[in-house]
Amino acid sequence: MTFAITTDFIATQNAKALDAHKEDYSALARQLERRAIDIEAMTTRAMAYAVAVPTWGVGTGGTRFARFPGPGEPRGIHEKLEDCGVIHQLARTTPTVSPHFPWDKVSDYRALRQEAASYELGFDCVNSNTFQDQTEQAKSYKYGSLTHADKSTRQQAVEHNIECIEIGQQLGSNALTVWIADGSNFPGQSNLGKVFDHYMQSLQSIYDKLPKNWSVFLEHKMYEPAFYSTVIADWGSSLMAATELGDKAKCLVDLGHHAPNTNIEQIVSRLIRAQKLAGFHFNDSKYGDDDLDAGSVDPFRLFLVFNELVDAELSNAKGFNPAYMIDQSHNVTDPIESLISSAMEIQRSYIKASLINRLELSGMQDQSDVMAAHRLVKQAYNTDVTPILCEARLRKGGALHPFATYRASGYRNEKAKERPAVAGSSSGIV
Ligand SMILES: [Mn+2]
């Protein structure tokens with residue numbers, strides 16, 4: 001019998017905090033009422049919001065310098081699902097997981113789907129991996145995968161992506177996310193035009209195998225591991241590729257894959273207009289990384305991204321149906337705590353952006369009333385919507401305070417006893 005956090009335990013913890021929560025919720029309801037905002041509508045929106053958790057996120061991450069494993073790390077997909085289940089059980093906003101292959105390979109995917117369902121989890125986009133070599137792999141990806149100079153290496157990478165689609169179909173997924181590490185470290189190493197042609201040919205072969213109702217999400221990344229040029233480095237290359245491929249191809253925005261100071265919310269707006277926004281990989285960064293927890297460094301930027309998303313949602317922008325996923329590396333924290341915290345910050349940004357009166361803002365913009373428009377947006381950002389998030393979790397059977405409840409449960413200590421460390425685990429390396 002493995003340790004699990006029980007419904008009774010959550011209820012007991014919630015009971016202790018209930019009176020204070022009710023007081024805060026009523027106070028916020030009155031505050032929002034003065035601004036003609038119905039708190040119930042916001043709570044309903046918070047309850048409906050969902051973001052996927054990556055299976056690799058529940059393992060401790062690392063850098064190219066070192067990895068410091070934490071206690072009780074999941075040793076495979078089954079334990080990863082168990083941890084993802086806890087995140088959703090407490091925070092109630094991560095009902096799907098995004099698997100990664102070959103890391104999450106099993107012999108029976110229908111059984112895996114049922115196993116996930118036992119934690120009230122479903123499967124989101126599947127992720128392929130041609131950025132590292134696997135044992136038993138014929139061709140190496142050292143000099144590239146989908147854009148490699150050698151045709152048979154490109155073919156091997158294409159076949160892996162097609163296999164991911166087949167696995168995804170069994171898991172109930174409907175999208176494949178493709179990120180490649182291909183690029184170069186030296187001027188002259190590769191022909192910048194030719195590698196893009198190779199990318200297009202390889203992607204076309206994958207695109208042709210997409211089942212009905214499936215999409216392929218193209219993820220760009222400015223640099224790393226290639227440091228001179230990356231084949232799909234920016235949203236321009238991504239949009240070019242997605243446009244050429246067709247309607248089923250869209251551009252995925254990873255918040256950490258841009259140059260510092262890039263106006264990401266504007267990119268989001270452009271992709272929405274082009275009907276090419278696939279969705280997000282949420283994380284945060286200070287410099288050129290993509291590893292920090294969503295909302296931990298620059299919550300205002302996260303809010304501004306959601307300002308564009310909510311605007312598109314409420315104006316019924318054509319073709320707007322983004323997939324939301326967290327993609328970050330947990331090197332110094334308990335991954336479950338980080339993912340709970342990030343899921344709550346993402347949901348918080350969504351609700352804050354929902355507070356903005358769009359009609360009023362549009363009027364101010366039309367009048368070029370600069371400061372009034374800015375203050376309206378800032379007022380939403382400055383509103384503490386915590387009681388709304390608490391209420392949403394409470395109504396969905398989650399924890400009023402997920403972080404505190406998780407700590408009080410002793411889950412990590414129990415798992416440390418059940419899961420002795422294993423050598424060579426690839427979990428968490430992103
Ligand atoms: Mn990513």
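Computed from the coordinates by the stated procedures, all read-outs in this text should not be read as laboratory data. All values reported here derive from a predicted model rather than from experimental measurement. No Cβ is skipped: glycine too gets one built from the backbone with ideal geometry, and neighbour counts run over all protein chains shown.
From Cα pairs below 8 angstrom and at least 6 apart in sequence, can you work out the relative contact order of segment 178-287, rounded to a whole percent?
Averaging sequence separation for qualifying contacts and normalising by length gives 26 percent for segment 178-287.
If you average the sequence gap of Cα pairs under 8 Å that are 6 or more apart and divide by the length of segment 66-171, what percent do you get for the contact order?
Relative contact order for segment 66-171 comes out at 24 percent.
Show that you can apply the helix-only estimate: for the chain, add -39,500 (n - 2.57) for every DSSP H stretch of four or more residues, divide by all residues, and state [θ] at 222 nm to the nearest 500.
Mean residue ellipticity at 222 nm (helix-derived): -15000 deg cm²/dmol.
Under the 0.36 nm per residue contour assumption, what length would be gained going from the current alpha-carbon distance of GLN204 and THR12 to full extension?
63.7 nm
In nm, to one decimal, how far is the modelled label at ASP247 from the one at ARG407, with both set 7 Å along Cα→Cβ?
5.1
Taking +1 at the Cβ of each Lys and Arg and -1 at the Cβ of each Asp and Glu, which of SER98, LEU171, GLN204 sits farthest along the dipole of segment 75-221 towards its positive end, judged by Cα position relative to the Cα centre?
Towards the positive end, the residue furthest out is GLN204.
Semi-axes of segment 127-273's equivalent ellipsoid from the Cα gyration tensor, sqrt of 5 times each eigenvalue, largest first, rounded to whole Å?
For segment 127-273, the semi-axes come out at 22, 21, 13 Å.
From Cα coordinates alone, what are the radius of gyration and Dmax values for segment 358-409 in angstrom?
Every Cα atom of segment 358-409 included, Rg and Dmax give 17.6, 54 Å.
If you average the sequence gap of Cα pairs under 8 Å that are 6 or more apart and divide by the length of the chain, what percent do you get for the contact order?
23
So what is the diffusion coefficient of segment 111-161 in µm² per second by Stokes-Einstein at 10 °C and 1.306 mPa s, using a Kirkwood Rh over Cα pairs?
Answer from the Stokes-Einstein relation: 124 µm²/s.
Given a 10 angstrom Cα cut-off, can you work out which residue in ARG64, ARG45, ARG270 is the most mobile in a GNM of the chain?
ARG64
Given 20 °C and 1.002 mPa s, how large is the Stokes-Einstein diffusion coefficient of segment 265-343 in µm²/s, with Rh as the Kirkwood radius over Cα pairs?
The estimated diffusion coefficient comes to 160 µm²/s.
Excluding same-chain residues fewer than 8 positions from LYS318, which lysines have a Cα within less than 18 Å of its Cα?
List returned: LYS248, LYS250, LYS276.
When the Kirkwood radius is taken over all Cα pairs of segment 178-261, what Stokes-Einstein diffusion coefficient follows at 4 °C and 1.567 mPa s, in µm²/s?
My calculation gives 98 µm²/s for D.
Kindly give Rg over Rh for segment 80-173, based on alpha-carbon atoms, with the Kirkwood expression for the hydrodynamic radius.
1.07
Of all the Cα-Cα pairs you can form in segment 214-258, what percent are over 14 Å apart?
46
Given bins 10 angstrom wide, list per bin the percent of all Cα-Cα distances in segment 55-102, short to long.
Each 10 Å bin holds this share of Cα pairs: 24, 49, 24, 2.
Return the percentage of antiparallel bridges among DSSP beta bridges fully within segment 178-278, rounded to the nearest 5 %.
25
Got a sec to turn the phi values of segment 308-316 into Karplus ³J(HN,Hα) couplings, 6.51 cos²θ - 1.76 cosθ + 1.60 with θ = phi - 60°, whole Hz, x for Gly and Pro?
5, 5, 5, 4, 5, 4, 6, 9, 6
According to the Kirkwood expression over distinct Cα-Cα pairs, how big is the hydrodynamic radius of segment 186-338, in Å?
Answer for segment 186-338: a Kirkwood hydrodynamic radius of 16.5 Å.
Need one number: the % of Cα-Cα pairs in segment 20-60 sitting beyond the 16 Å mark.
55
With no solvent and one point on each alpha carbon, what is the Debye value of log10 I(q)/I(0) for segment 1-125 at q = 0.17, 0.18, 0.23 Å⁻¹?
Debye output, listed in q order: -0.98, -1.04, -1.34.
What residues of segment 186-206 lie in the reach of a label at ALA149, counting those whose backbone N is under 16 Å from a point 7 Å from the Cα along Cα→Cβ?
Within reach of a label on ALA149: 186-199.
Once fully extended, how much extra length lies between PHE65 and THR44, figured as 0.36 nm per residue of separation less the alpha-carbon to alpha-carbon distance?
Gain on stretching PHE65 to THR44: 3.1 nm.
Restricting to bridges with both residues inside the chain, how much of the DSSP beta-bridge set is antiparallel, in percent to the nearest 5?
10
Binned at 10 Å from 0, what are the whole-percent values of the Cα-Cα distance distribution for segment 1-41, short to long?
Reading the bins upward from 0: 25, 30, 25, 15, 5, 0.
For the chain, state the semi-axes of the equivalent ellipsoid (square roots of 5 times the eigenvalues of the alpha-carbon gyration tensor), sorted largest first and rounded to whole angstrom.
For the chain, the semi-axes come out at 35, 29, 18 Å.
Give me the extension gain from ASN382 to GLU136: residue separation times 0.36 nm, minus the current Cα-Cα distance, reported in nm with one decimal.
Length gained between ASN382 and GLU136: 83.2 nm.
Mind giving me the FRET efficiency for GLN31 and GLU224? R0 is 56 Å, r the Cβ-Cβ distance, nearest 0.05 is fine.
Calculated value: 0.80.
For segment 214-234 and segment 63-85, what is the centre-to-centre distance using only Cα atoms, to the nearest Å?
Going from one Cα centre to the other spans 26 Å.
Give the lysines reachable from LYS286 as a straight Cα distance under 26 Å; neighbours fewer than 8 places away on the same chain don't count.
LYS221, LYS352, LYS378
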